[in-house]
Amino acid sequence: MVVELPALLREFPPHLLTLEFLTPDQIKGIVDYAARIELARQLSSSVVGVNESFSSFCLEAIRQTGATVEPIEIDDKSGDLMRPGSLAEYDVILLDGFRHVFLEKLARFSSASLVNCGSDWADPLSALAGLFYVKRNEISAEKFYLQPPASPYRSSLLKLCASIDIPVEIHAPSAEESIIIETLRQRNAKINILPEGKDSAARKFPDSAAVRENQRRILQAILFVYG
């Protein structure tokens with residue numbers, strides 16, 4: 001059976017491009033839901049669109065929900081849809097490896113829910129998978145160290161940790177991360193930028209490679225939210 005979708009997850013934003021529009025309860029709720037679901041062929045009537053470069057690892061996770069997977073045709077050079085009217089054919093669209101501005105453009109006129117599975121600006125799927133990993137393995141710490149290098153994954157972790165009030169330390173933020181940190185600090189986020197050469201005594205947050213397996217459950221939980 002599939003655990004019933006909690007009420008707070010029925011109020012997800014129409015698209016999941018970043019973590020900014022999720023409440024702290026929704027972030028915790030989707031991770032908790034991912035830990036409790038048992039797959040059934042519940043999404044047999046749902047059609048999930050994916051771009052050509054989507055990983056086989058995640059494709060298998062989608063098929064386990066019973067959803068039908070269909071390719072979405074996007075011009076590699078312009079980033080435009082080959083058939084703009086085709087959006088109506090999908091219930092959910094998962095895109096990986098695109099510029100974030102393209103995702104924002106697509107979301108403005110997409111009737112299907114759009115999920116960012118990794119852009120040049122944000123990687124909310126991996127960040128949620130990281131929190132899932134921490135919770136599943138009962139890793140606790142007063143503060144976490146977000147490991148280099150700068151990446152969309154680390155940028156999304158900054159937002160995630162700030163949202164659920166987890167203090168973090170970081171080395172060498174990129175220009176984009178510095179903007180994010182400044183904004184989050186205005187909301188009283190606990191972010192400490194370490195000087196070059198100073199080691200962190202905080203526990204290391206798992207890197208993106210370590211949490212890859214957990215992306216499967218987070219992706220499936222998101223599909224049950226949107227599908």
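The values are calculated or read from the model by the stated rules, or taken from the named source; none is laboratory data. Quick caveat, the model's predicted, so the values are computed rather than measured. Every residue, glycine among them, receives a Cβ derived from its backbone with ideal geometry; neighbour counts consider all protein chains shown.
Within the stretch 102-124, work out how many residues are surrounded by fewer than 22 Cβ atoms within 10 Å (Cβ to Cβ), assigned to a helix (DSSP H, G or I) and in contact (Cβ under 8 Å) with a residue 12 or more places away in the chain.
Counting residues in the stretch 102-124 that are surrounded by fewer than 22 Cβ atoms within 10 Å (Cβ to Cβ), assigned to a helix (DSSP H, G or I) and in contact (Cβ under 8 Å) with a residue 12 or more places away in the chain gives 4.
Looking at the stretch 16-40 only, could you name the residues that are in a loop (DSSP other than H, G, I, E, B), of a type in the set (A, V, I, L, M) and out of contact with any strand residue (DSSP E or B) (no Cβ under 6 Å at 6 or more places or on another chain)?
Leu19, Leu22, Ile37, Leu39, Ala40
Check Ser178 against each of (1) closer than 18 Å to Asp120 by Cβ; (2) under 19 Å from the mean Cα position of the chain (by Cα) and name the one condition it does not meet.
For Ser178, the failing item is (2).
Here is a yes/no grid of residues against (1) at pLDDT below 95; (2) acidic (Asp, Glu); (3) buried (at least 19 other Cβ atoms within 10 Å of the Cβ):
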| site | (1), (2), (3) |
| --- | --- |
| Ser156 | no, no, yes |
| Leu160 | no, no, yes |
| Val168 | no, no, yes |
| Pro195 | yes, no, no |
| Asp199 | yes, yes, no |
| Leu223 | yes, no, yes |
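Among the residues of the stretch 132-146, how many are surrounded by fewer than 18 Cβ atoms within 10 Å (Cβ to Cβ) and of a type outside the set (A, V, I, L, M)?
Here the count works out to 7.
Can you tell me how many residues in the stretch 26-48 are charged (D, E, K, R) and surrounded by 15 or more Cβ atoms within 10 Å (Cβ to Cβ)? Working first, answer last.
The first filter runs over the stretch 26-48 and keeps only residues charged (D, E, K, R), leaving 28, 32, 36, 38, 41.
From the residues that got through so far, the ones that are surrounded by 15 or more Cβ atoms within 10 Å (Cβ to Cβ) too are 28, 32.
The number of residues fulfilling the criteria is 2.
Among (1) at pLDDT 85 or above; (2) within 25 Å of Ser163 (Cα to Cα), there is one condition Phe102 misses while meeting the rest; what is its number?
(2)
Got a sec? Which strands (runs of 3 or more DSSP E) wholly within the stretch 136-227 have at least 1 residues that are farther than 28 Å from Cys58 by Cα and not assigned by TED's automatic domain parsing to the domain that holds Arg63? Before you say what the answer is, go through the steps one by one.
Numbers: elements: 144-146, 168-171, 191-194.
Hits in the stretch 136-227: 168-171, 191-194.
Looking at the structure I just gave you, is Ala129 out of contact with any Phe, Trp or Tyr (no Cβ under 9 Å at 6 or more places or on another chain), in a loop (DSSP other than H, G, I, E, B) and either assigned by TED's automatic domain parsing to the domain that holds Ser44 or surrounded by 18 or more Cβ atoms within 10 Å (Cβ to Cβ) (or both)?
no
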